[in-house]
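> My structure is below; once you've seen it, I'll send some questions.
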Amino acid sequence: MRSFFKIFFASFLALVIFSLLVFFLLLGFFSSVTKKNEPEIAAKSVLSIDLGKKFSEHTNTAPLAALAGGNQPSLYEVIRLLHYAKTDKNIAGILLNMDDNGNGFAASNELRTALLDFKSSQKFIIAYGNTVSQSAYFIGSVADKVYVNPTGSFEWLGFHVTLPFLKDMLAKLDIQPQIFYAGKFKSATEIFRTDQMTPENRLQTTAWLGNIYRYFLRQTAQARKVDTATLYRLAATASVQTPQDAVANKLVDATRYDDEVRTEIKKRLGIGRSDVLNLVPLNTYSDAVNIRKGGRNKIAVIYAEGDIVDGTGDNTQIGGENFRALIRKARMDKDVRAIVLRVNSGGGSALASDVIWRELQMAKQEDKKPIVVSMGDVAASGGYYISCGADSIFANPNTITGSIGVFGIIPNMQGFFKNKLGITFDGVNTAPYADAGSVVKPMDEKERSIIQGSIERIYGAFKQRVATGRKRDTVYVESIAQGRVWSGEDALRIGLVDRLGNLDDAIACAARMAKLTDYGLKEYPESENWLENILNRKKQEPAALIKNEIGEENYKVFEQVKKIKAMTGSVQARLPFEIIFK
């Protein structure tokens, strides 16, 4: 027996040593591969930007990405890459692919602003597309030359919002939604209780969509030197049907095929027609240059993107517990002198929103660290809740914000189970309301009053958070709250935000407040290590498989169904709809 254990432990020790050796050999191998694959940017290179790619607020670095073509940079990384390229002697210009735009209103505006800054270097920007949407053109219009495929398409019809309504479908299924809300503009529940937009929702949607459209027209007019009245008339009369119409109306410089665009770029570079055009994709450029800013003093940039949910959430959500821990980590770090919260969220759980708000207040009041918020595409409802206590709030002109209101849904599915599925329920209570909130029976008036009371209390707390943070009285806050959605420009006018600006502006503001001139950035969530990355990829594989099987548009519907499920049984501070920029 003694010899057995001796052999066993010797074998086990050998296995451990062997495993460690293999681990370090693999680590060295991947490190050497990464170093070998670090690209060098040749002279007369052209940065190639595909606007069809969605640039998320924060991207985890995958350790094996070098083997698969590099990491997709985040939105702020793209902004910093454009700033770097402005003075990079090896980058002669930029080619924009306008075939699509995967980014929202504010993200597109930030990309556009960075391109305008790049353009001030006197380096060229050329935009080209086969099928050009308005959202892609919004960015592409900054270019020195804008070209469209002669047989392609060019969209110029104005903006629109279409909302689905499920009231009649629920009636057919014998499901009563049992809805509770505070704020007459809180239209998140409209899809369940009406079959069309309420007058209040139509009013607010007309206002914010109109503001965003006017901003779009103003920016286009400035870039293309065509007055806004003409641009509006072209859309109202559907006068731009073809790329040739776009050329005739000065929206586009000319129609060109891809090879003709490349030939023009070669002429600009002074290289021969048969020479290779060195187009450098963003991910390659990201791997080749260092955009990190050093300095012992740090500004923490915390990216809050996605639905706000209770618990930890996943890496596409803002988990209340997870983000409380991130904020606490930043506020307890002595090297972190200020915190910038980047918010891109339509909200979600009211409880999780309050958990995050509380931790930010601790950083501001106890740790005396300036808190600055930068709003992305959306910072509404719960997204505004977590923002309202900041020392300063920046929004883009076309950010969607506000929606100060809450709601709850507890469906009565008794009829559905009984009449559609043949299922009935029975049970025993120790008190009259022990089963309050059950989905298998209708609520009585007492239960309804309990739920509505809870909704009103949370709405009152939300308004008080806003009043305190924005230094306004609650009467004024009520006048701009009630669930109403505002554009960034209107939010500035009514005092919901302090300034119009992007993430760069918010970071500069935080540096001034912390009296920093030399500082680096510490970004959260921090990049995952290789094991976390692999495990998280495994979690995401089912979603990726579903998306691949049913398609992008149908997957968005699937996502909305998941959100409806998440709304059931908890108080929500959530935007009434998902906005898609076309």
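The values are calculated or read from the model by the stated rules, or taken from the named source; none is laboratory data. Model, not experiment: these values are computed from the prediction. When we count neighbours, we look across all protein chains shown, and the Cβ atoms used for this are built from the backbone with ideal geometry, even at glycine.
> Quick one: which residue in P199, P164 is without any contact (Cβ under 8 Å) to a residue 24 or more places away in the chain, surrounded by fewer than 19 Cβ atoms within 10 Å (Cβ to Cβ) and closer than 30 Å to Y459 by Cα?
Numbers: P164 fails: without any contact (Cβ under 8 Å) to a residue 24 or more places away in the chain.
Testing whether each residue is without any contact (Cβ under 8 Å) to a residue 24 or more places away in the chain, surrounded by fewer than 19 Cβ atoms within 10 Å (Cβ to Cβ) and closer than 30 Å to Y459 by Cα leaves just P199.
> May I ask you to say which residue of R328, R342 is surrounded by fewer than 15 Cβ atoms within 10 Å (Cβ to Cβ), over 30 Å from S45 (Cα atoms) and outside the structural domain of E260 (by TED's automatic domain parsing)?
R328 is the lone residue from the list that is surrounded by fewer than 15 Cβ atoms within 10 Å (Cβ to Cβ), over 30 Å from S45 (Cα atoms) and outside the structural domain of E260 (by TED's automatic domain parsing).
> If you go through region 398-408 one residue at a time, do you hit one that is in contact with a helix residue (DSSP H, G or I) (Cβ under 8 Å, 6 or more places away or on another chain), under 19 Å from Q176 (Cα atoms) and buried (at least 24 other Cβ atoms within 10 Å of the Cβ)? Write out each step before concluding.
Let us first name the residues in region 398-408 that are in contact with a helix residue (DSSP H, G or I) (Cβ under 8 Å, 6 or more places away or on another chain), namely 398-408.
Subset that is under 19 Å from Q176 (Cα atoms): 407-408.
In the following step, the residues that additionally are buried (at least 24 other Cβ atoms within 10 Å of the Cβ) were identified as 407.
Yes, because at least one residue in region 398-408 is in contact with a helix residue (DSSP H, G or I) (Cβ under 8 Å, 6 or more places away or on another chain), under 19 Å from Q176 (Cα atoms) and buried (at least 24 other Cβ atoms within 10 Å of the Cβ).
> May I pose another question? Go through K145, K53 for me and flag whichever is modelled with pLDDT under 95 and surrounded by 17 or more Cβ atoms within 10 Å (Cβ to Cβ). Steps first, answer last, please.
Working: K145 fails: modelled with pLDDT under 95.
Of K145, K53, the one residue that is modelled with pLDDT under 95 and surrounded by 17 or more Cβ atoms within 10 Å (Cβ to Cβ) is K53.
> Cβ contacts < 6 Å: first residue at pLDDT 95 or above, restricted to region 444-467; second residue polar (S, T, N, Q), any location; separation 6+ or different chain. Result?
Going by the 6 Å Cβ cut-off, the qualifying pairs are K463/T474; A467/T474.
> Between L209, L217, L203, which is at pLDDT 90 or above, of a type in the set (A, V, I, L, M) and more than 30 Å from L116 (Cβ to Cβ)?
The conditions single out L203.
> Please state which one of D335, D367, D377 is in contact with a strand residue (DSSP E or B) (Cβ under 8 Å, 6 or more places away or on another chain) and farther than 29 Å from R484 by Cβ.
Numbers: D367 fails: in contact with a strand residue (DSSP E or B) (Cβ under 8 Å, 6 or more places away or on another chain); D377 fails: farther than 29 Å from R484 by Cβ.
Criteria check complete, one pass: D335.
> Mind checking whether some residue in region 342-355 is at positive phi and not small (G, A, S)? I'd like the intermediate steps shown before the answer.
At the first step, the residues of region 342-355 found to be at positive phi are 347-348.
Restricting the remaining residues to those that are not small (G, A, S) gives none.
No, region 342-355 contains no residue that is at positive phi and not small (G, A, S).
> Only one of (1) part of a helix (DSSP H, G or I); (2) of a type in the set (A, V, I, L, M); (3) under 25 Å from the mean Cα position of the chain (by Cα) fails for M375. Which number is that?
Among (1) part of a helix (DSSP H, G or I); (2) of a type in the set (A, V, I, L, M); (3) under 25 Å from the mean Cα position of the chain (by Cα), the lone unmet condition for M375 is (1).
> So which residues in region 286-302 are outside any loop (DSSP other than H, G, I, E, B) and out of contact with any Gly (no Cβ under 9 Å at 6 or more places or on another chain), if there are any at all?
A288, A300, V301, I302
> Check A467, A461, A431 and return the single one that is farther than 30 Å from W208 by Cα and either in contact with a Lys or Arg (Cβ under 9 Å, 6 or more places away or on another chain) or not basic (K, R) (or both). Quick ask: steps written out before the conclusion?
Working: A467 fails: farther than 30 Å from W208 by Cα; A461 fails: farther than 30 Å from W208 by Cα.
It is A431.
> Go through (1) without any contact (Cβ under 8 Å) to a residue 40 or more places away in the chain; (2) surrounded by 14 or more Cβ atoms within 10 Å (Cβ to Cβ); (3) not acidic (D, E) one by one and return the number of the condition Q244 breaks.
(1)
> Only residues that are assigned to a helix (DSSP H, G or I) and under 28 Å from G294 (Cα atoms): list them for region 306-355, please.
The first filter runs over region 306-355 and keeps only residues assigned to a helix (DSSP H, G or I), leaving 320-332, 350-355.
Once the filter is applied, which keeps residues that are assigned to a helix (DSSP H, G or I) and under 28 Å from G294 (Cα atoms), region 306-355 yields N322, F323, R324, A325, L326, I327, R328, K329, A330, R331, M332.
> Select from region 356-372 the residues that are surrounded by 23 or more Cβ atoms within 10 Å (Cβ to Cβ) and either assigned to a loop (DSSP other than H, G, I, E, B) or within 14 Å of the chain's Cα centre (by Cα) (or both) and list them in ascending order.
K369, the sole residue that qualifies.
> Mind listing just one residue for me: the one in region 346-363 that is modelled with pLDDT of 95 or more and in contact with a strand residue (DSSP E or B) (Cβ under 8 Å, 6 or more places away or on another chain) and, of those, nearest to S403 (Cα to Cα)?
S353
> Next question, about the same structure. With (1) over 33 Å from the mean Cα position of the chain (by Cα); (2) charged (D, E, K, R); (3) outside the structural domain of E110 (by TED's automatic domain parsing); (4) assigned to a helix (DSSP H, G or I) as the list, and K267 as the residue in question, which single condition is left unmet?
In the conditions (1) over 33 Å from the mean Cα position of the chain (by Cα); (2) charged (D, E, K, R); (3) outside the structural domain of E110 (by TED's automatic domain parsing); (4) assigned to a helix (DSSP H, G or I), K267 misses (3) alone.
> Another one. So, in region 213-239, exactly how many residues are surrounded by fewer than 15 Cβ atoms within 10 Å (Cβ to Cβ), touching a helix residue (DSSP H, G or I) at 6+ places or on another chain (Cβ under 7 Å) and among the hydrophobic types (A, V, I, L, M, F, W, C)?
0
> I've got another one for you. Against the condition more than 28 Å from E456 (Cα to Cα) and free of Cβ contacts under 8 Å to residues at least 12 places away in the same chain, how does R512 come out, does it pass? Reasoning before the result, please.
Details: more than 28 Å from E456 (Cα to Cα): yes; free of Cβ contacts under 8 Å to residues at least 12 places away in the same chain: yes.
In short, yes.
> As an exercise: evaluate T430 against (1) hydroxyl-bearing (S, T, Y); (2) surrounded by 11 or more Cβ atoms within 10 Å (Cβ to Cβ); (3) not assigned by TED's automatic domain parsing to the domain that holds G347 and give the number of the one condition it does not meet.
(2)
> Inspect region 172-186 for any residue being over 18 Å from I410 (Cα atoms), out of contact with any helix residue (DSSP H, G or I) (no Cβ under 8 Å at 6 or more places or on another chain) and in a loop (DSSP other than H, G, I, E, B) and give the result as yes or no.
There is no residue in region 172-186 that is over 18 Å from I410 (Cα atoms), out of contact with any helix residue (DSSP H, G or I) (no Cβ under 8 Å at 6 or more places or on another chain) and in a loop (DSSP other than H, G, I, E, B).
Residue-wise test of (1) more than 27 Å from the chain's Cα centre (by Cα); (2) more than 30 Å from V142 (Cα to Cα); (3) among the β-branched types (V, I, T); (4) not in a helix (DSSP H, G or I).
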position: L157; (1), (2), (3), (4): no, no, no, yes
position: V161; (1), (2), (3), (4): no, no, yes, yes
position: L234; (1), (2), (3), (4): yes, no, no, no
position: Q244; (1), (2), (3), (4): yes, no, no, no
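> Which of the residues spanning region 497-520 are buried (at least 19 other Cβ atoms within 10 Å of the Cβ) and under 20 Å from the mean Cα position of the chain (by Cα)?
V497, G501, N502, L503, A506, I507
> Can I ask one more? Which one is nearest to L115 (Cα to Cα) among residues in region 478-508 that are touching a residue at least 24 places away in the same chain (Cβ under 8 Å) and basic (K, R)? It would help to see each step written out before you state the result.
Restricting attention to region 478-508, the residues satisfying the condition of being touching a residue at least 24 places away in the same chain (Cβ under 8 Å) are 480-492, 495-507.
Filter once more, keeping what is basic (K, R): 484, 499.
Values: R484: 33, R499: 21 Å.
Result: R499.
> Can we say G383 is in the same structural domain as G306 (by TED's automatic domain parsing), among the small types (G, A, S), assigned to a strand (DSSP E or B) and under 17 Å from the mean Cα position of the chain (by Cα)? Show your work before the answer.
Values: in the same structural domain as G306 (by TED's automatic domain parsing): yes; among the small types (G, A, S): yes; assigned to a strand (DSSP E or B): no; under 17 Å from the mean Cα position of the chain (by Cα): yes.
Criteria not met by G383.
> For region 72-128, enumerate the residues that are part of a strand (DSSP E or B) and touching an Asp or Glu at 6+ places or on another chain (Cβ under 6 Å). Explain how you work it out, then say what you get.
Looking only at region 72-128, we keep the residues that are part of a strand (DSSP E or B), and these are 91-97, 124-128.
Scanning region 72-128 gives N97, F124, I125.
> Would you please list the contacts, defined by Cβ atoms under 6 Å and residues six or more apart or on different chains, that run from a residue in region 313-327 that is farther than 18 Å from T59 by Cα to a residue that is in a loop (DSSP other than H, G, I, E, B)?
Pairs that qualify, where the first residue is farther than 18 Å from T59 by Cα and the partner is in a loop (DSSP other than H, G, I, E, B), are G320/D310; E321/G311; E321/T312.
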